[in-house]
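Trainee: Pasting a structure here, questions to come.
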Amino acid sequence: MIKANPTMNDVINELMFIAIAKPEKLSVSVRYIGHADALEVIAIDKTYFSGAQNPNTWSAHKLMDKTIYLDGLTAFRQVTSTYNELSNLIKNEVAA
């Protein structure tokens, strides 16, 4: 949960916490791409790992694939939006 009046670091830390916490039905990857000064967030349905693993099934199981360039004016809004979208995905997967 993001605190009131968060900074960019607060939101990125929450994204990292979600990835480290290993949600039950999603595999979440958050990585920093140094040469592009960007953050990449990928969420995939864990059922992908129990079946045939190829590019076609990867695309079918991928629930989120975002790249956020941190040097832009809208970076904070994009990171916060990605956090909210990922949180909603987890809530929906847990409820399903």
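Trainee: Return the total of residues in the range 30-53 being open to solvent by less than 70 Å² (accessible area, probe 1.4 Å), touching a helix residue (DSSP H, G or I) at 6+ places or on another chain (Cβ under 9 Å) and in a helix (DSSP H, G or I).
Mentor: 1
Trainee: If we scan the range 3-15, do we find a residue that is of a type in the set (D, E, K, R), out of contact with any Asp or Glu (no Cβ under 7 Å at 6 or more places or on another chain) and at pLDDT 90 or above?
Mentor: Filtering the range 3-15 down to residues of a type in the set (D, E, K, R) leaves 3, 10, 14.
Okay, now just the ones that are also out of contact with any Asp or Glu (no Cβ under 7 Å at 6 or more places or on another chain), so 10, 14.
Then keep just the ones that are at pLDDT 90 or above; that gives 10, 14.
Yes, the conditions are met somewhere in the range 3-15.
Trainee: How do the pairs read when you match residues in the range 64-76 that are touching a residue at least 12 places away in the same chain (Cβ under 8 Å) and β-branched (V, I, T) with residues anywhere that are in a strand (DSSP E or B) and open to solvent by less than 70 Å² (accessible area, probe 1.4 Å), using Cβ under 7 Å and keeping only pairs 6 or more apart or on different chains?
Mentor: Within 7 Å, the pairs are T67/A38; T67/E40; I68/A38; I68/L39.
Trainee: Sticking with this structure for a sec: Across the range 81-96, what is the total count of residues that are over 12 Å from S27 (Cα atoms) and open to solvent by less than 30 Å² (accessible area, probe 1.4 Å)? Can you show your working first?
Mentor: Going through the range 81-96, the residues over 12 Å from S27 (Cα atoms) turn out to be 81-85, 87-88, 91-92, 94-96.
If we keep only those that are open to solvent by less than 30 Å² (accessible area, probe 1.4 Å) as well, we get 82-83, 87.
The qualifying residues number 3.
Trainee: Would you confirm whether any residue within the range 54-70 is open to solvent by 50 Å² or more (accessible area, probe 1.4 Å), farther than 19 Å from I2 by Cα, touching a Ser or Thr at 6+ places or on another chain (Cβ under 7 Å) and of a type outside the set (D, E)? Lay out the reasoning, then the answer.
Mentor: Initially, the range 54-70 is screened for residues open to solvent by 50 Å² or more (accessible area, probe 1.4 Å), giving 54-56, 58-60, 62-63, 65-67, 69.
Checking the rest, the ones that are also farther than 19 Å from I2 by Cα come to 54-56, 58-60, 62-63, 65-67, 69.
From what's left, touching a Ser or Thr at 6+ places or on another chain (Cβ under 7 Å): 66.
Still in the running and of a type outside the set (D, E): 66.
Yes, because at least one residue in the range 54-70 is open to solvent by 50 Å² or more (accessible area, probe 1.4 Å), farther than 19 Å from I2 by Cα, touching a Ser or Thr at 6+ places or on another chain (Cβ under 7 Å) and of a type outside the set (D, E).
Trainee: From (1) over 19 Å from I2 (Cα atoms); (2) polar (S, T, N, Q); (3) surrounded by fewer than 15 Cβ atoms within 10 Å (Cβ to Cβ), pick out the condition that doesn't hold for S27.
Mentor: (3)
The values are calculated or read from the model by the stated rules, or taken from the named source; none is laboratory data. Because the structure is predicted, anything quoted here is derived from the model rather than measured. Don't worry about glycine lacking a Cβ; one is built from the backbone with ideal geometry, like all the others, and counts go over all protein chains shown. SASA here: full protein model, heavy atoms, side chains in, ligands and nucleic acids out. Shrake-Rupley method; radii C 1.70, N 1.55, O 1.52, S 1.80 Å.
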